[in-house]
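Structure first, then comments.
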Amino acid sequence: MGRVLAGIGIVVNLFLPGVGSLIMGKWSTGGIQVGVLAVVWILKLISFGLLGYVLWPVTAAIWVWALAGGILTYVERSHRAALKAARP
């Protein structure tokens, strides 16, 4: 079941960075990603786009961080499942 949740988390992270991490059970990482992304979007709305040039790279970095974390979690859980299956 761990690989399935990790796979779902990767797909969700494509659209909602951080939420997929929460689905995978990575509470602190997902919370930070969602929190920082929320602050960035609020700042974008308040600044009427003036900070957009600065905040878009931050948004992209959070998206890449969430996606990479999801992929690494999937690989880790797949490896763990393979080791468990190989035990006699």
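Quick check on this structure: which one of Ser78, Ser47 is of a type in the set (Gly, Ala, Ser) and in contact (Cβ under 8 Å) with a residue 60 or more places away in the chain?
Going through Ser78, Ser47 in turn, just one is of a type in the set (Gly, Ala, Ser) and in contact (Cβ under 8 Å) with a residue 60 or more places away in the chain: Ser78.
Quick one: would you say Ile8 is out of contact with any Ser or Thr (no Cβ under 7 Å at 6 or more places or on another chain) and modelled with pLDDT of 90 or more?
no
(1) of a type in the set (Gly, Ala, Ser); (2) within 10 Å of the chain's Cα centre (by Cα); (3) modelled with pLDDT under 90: which one isn't true of Gly31, the others all being true?
Going through (1) of a type in the set (Gly, Ala, Ser); (2) within 10 Å of the chain's Cα centre (by Cα); (3) modelled with pLDDT under 90 one by one, Gly31 breaks only (3).
The values are calculated or read from the model by the stated rules, or taken from the named source; none is laboratory data. Keep in mind it's a predicted model, so treat the numbers as computed, not measured. In this analysis, Cβ positions are derived from the backbone assuming ideal geometry, glycine residues included, and neighbour counts consider all displayed protein chains.
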